[in-house]
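Peer 1: Next up is a structure, given as structure tokens.
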Amino acid sequence: MSEFTHRPVLLNECIQGLNIRPGGVYLDGTLGRAGHSEQIVRRLTTGRLICVDRDQAALDAAQERLAPWMDKVELVHSNFDQVDQILDKLSLPGVDGMLFDLGVSSPQLDDGSRGFSYMADAPLDMRMDRAEGITAAAVVNTWPQEELRRVISRYGEERYAPQIAGAILRRRADRPITTTLELVEVIKSAMPAKALREKQHPAKRTFQAIRIAVNDELACVERMLQRAVPRLNLGGRLAVITFHSLEDRIVKTGLTGFAKGCTCPPDFPVCVCGKTPDVKLVNRKPILPSEAEIEENPRARSAKLRIAEKLKPPL
């Protein structure tokens with residue numbers, strides 16, 4: 001059971017933020033290693049927990065970890081941006097809390113064969129759901145140079161994106177780039193010596209960018225927010241953990257929009273739009289991991305948690 005000893009990111013903060021009621025219905029939209037789910041279901045008596053993941057391997061592993069509570073658990077193989085359809089199929093108009101821990105999960109990173117890691121040689125895949133979608137190899141070997149540059153620059157915030165995209169085009173013109181370490185070699189070849197000496201691995205930002213593109217991650221976050229908030233019960237909580245600035249910006253902007261009331265021009269004497277806030281922001285600023293947690297789990301370093309509470313019943 002050693003694989004279950006990893007501490008989920010911001011665990012205590014998430015559990016506190018969800019304000020769990022023993023008889024409530026909750027949804028963990030990013031099951032992963034089931035660390036958050038286990039702590040949620042432990043607090044339920046007559047309640048119910050819906051666990052969602054697009055990676056079938058995560059659902060299979062959860063059968064063991066959540067075995068003592070499976071009478072309260074529903075495992076769903078789906079993408080979290082389909083939250084409205086998931087609840088419809090379960091005949092649930094609303095739930096009392098939802099948690100989304102964004103980005104790639106630890107098991108996916110640790111399994112070198114999945115192609116997420118720049119530290120292990122494997123086929124270029126990077127799909128969170130291996131049953132569908134394009135692979136990283138398809139992105140690297142078929143996308144136009146300008147699109148590669150845009151993706152690496154925007155999603156990876158990589159300043160050497162033009163050089164890396166150019167190097168990818170030159171290499172694939174000779175032969176396809178099929179493995180992770182081949183791609184690492186190409187990335188390194190495009191970067192100046194000073195960049196190769198930085199503390200951060202030179203391929204980290206590019207791998208992140210390609211992974212986001214493969215899994216359509218940012219668009220999924222936007223869709224999730226628009227579909228999740230309306231399905232919260234009155235007083236229900238939405239907790240979202242992000243790991244980089246692009247995700248956090250989407251979550252911050254989305255929740256701020258739902259928390260906004262009247263949209264009438266400031267010079268109107270009275271409100272005519274009738275709009276009232278859908279949520280209130282539980283924390284104006286994101287909750288960050290403690291130094292102790294970062295020391296224990298370096299992957300938590302960039303994590304940010306935002307929480308909102310529903311002010312209206314579900315539609």
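Peer 1: What is the number of the single condition among (1) part of a loop (DSSP other than H, G, I, E, B); (2) in contact (Cβ under 8 Å) with a residue 40 or more places away in the chain; (3) open to solvent by 60 Å² or more (accessible area, probe 1.4 Å) that Arg154 does not meet?
Peer 2: All conditions are met except number (1).
Peer 1: Does Pro22 fit the bill of being in a loop (DSSP other than H, G, I, E, B) and either modelled with pLDDT of 95 or more or not small (Gly, Ala, Ser) (or both)?
Peer 2: Criteria met by Pro22.
Peer 1: A follow-up question, please. Within segment 227-258, restricting attention to residues that are more than 16 Å from the chain's Cα centre (by Cα) and under 16 Å from Gly29 (Cα atoms), which residue is surrounded by the most Cβ atoms within 10 Å (Cβ to Cβ)?
Peer 2: It comes out as Gly236.
Peer 1: Six or more apart or on different chains, Cβ under 6 Å: which pairs go from a residue in segment 119-137 that's open to solvent by 90 Å² or more (accessible area, probe 1.4 Å) to one that's among the aliphatic types (A, V, I, L, M)? Could you list them?
Peer 2: Correct list of pairs: Asp121/Leu181.
Peer 1: Restricting segment 199-225 to residues that are over 15 Å from the mean Cα position of the chain (by Cα) and open to solvent by 10 Å² or more (accessible area, probe 1.4 Å), which is farthest from Val140 (Cα to Cα)?
Peer 2: Here the answer is Lys199.
Peer 1: Is segment 28-42 home to any residue that is without any contact (Cβ under 8 Å) to a residue 40 or more places away in the chain, under 24 Å from Lys304 (Cα atoms) and in contact with a Gly (Cβ under 9 Å, 6 or more places away or on another chain)?
Peer 2: yes
Peer 1: Separate question: Tell me which of these Gly261 doesn't satisfy, since it passes every other one: (1) under 20 Å from the mean Cα position of the chain (by Cα); (2) part of a loop (DSSP other than H, G, I, E, B); (3) not aliphatic (A, V, I, L, M).
Peer 2: (1)
Peer 1: Okay, moving on. Take segment 275-302 and flag every residue that is surrounded by fewer than 16 Cβ atoms within 10 Å (Cβ to Cβ) and polar (S, T, N, Q).
Peer 2: Correct list: Thr276, Asn283, Ser290.
Peer 1: Next question. Residues Ala58, Ala62: which one is part of a helix (DSSP H, G or I) and modelled with pLDDT under 95?
Peer 2: The match here is Ala58.
Peer 1: If Thr263 passes every condition in (1) among the polar types (S, T, N, Q); (2) in contact with a strand residue (DSSP E or B) (Cβ under 8 Å, 6 or more places away or on another chain); (3) at pLDDT below 95 but one, which one does it miss?
Peer 2: (2)
Peer 1: Do we find a residue being β-branched (Val, Ile, Thr) and without any contact (Cβ under 8 Å) to a residue 24 or more places away in the chain anywhere in segment 157-171?
Peer 2: no
Peer 1: Could you tell me whether Leu87 is in a loop (DSSP other than H, G, I, E, B), under 30 Å from Leu311 (Cβ atoms) and either touching a Cys at 6+ places or on another chain (Cβ under 9 Å) or of a type in the set (A, V, I, L, M) (or both)?
Peer 2: On the way: in a loop (DSSP other than H, G, I, E, B): no; under 30 Å from Leu311 (Cβ atoms): yes; either touching a Cys at 6+ places or on another chain (Cβ under 9 Å) or of a type in the set (A, V, I, L, M) (or both): yes.
For Leu87, the condition - in a loop (DSSP other than H, G, I, E, B), under 30 Å from Leu311 (Cβ atoms) and either touching a Cys at 6+ places or on another chain (Cβ under 9 Å) or of a type in the set (A, V, I, L, M) (or both) - is not met.
Peer 1: Let me ask something additional. Among the candidates Ile294, Ile241, Ile287, which residue alone is without any contact (Cβ under 8 Å) to a residue 12 or more places away in the chain and touching a Lys or Arg at 6+ places or on another chain (Cβ under 8 Å)?
Peer 2: Ile294
The values are calculated or read from the model by the stated rules, or taken from the named source; none is laboratory data. Quantities reported herein were computed from a predicted structural model and do not represent experimental measurements. As a convention, Cβ positions derive from the backbone with ideal geometry for all residues, glycine included, and neighbour counts pool all protein chains shown. Please note that ligands, DNA and RNA were not included when accessible areas were found on the heavy atoms of the full protein model with its side chains. Shrake-Rupley method; radii C 1.70, N 1.55, O 1.52, S 1.80 Å.
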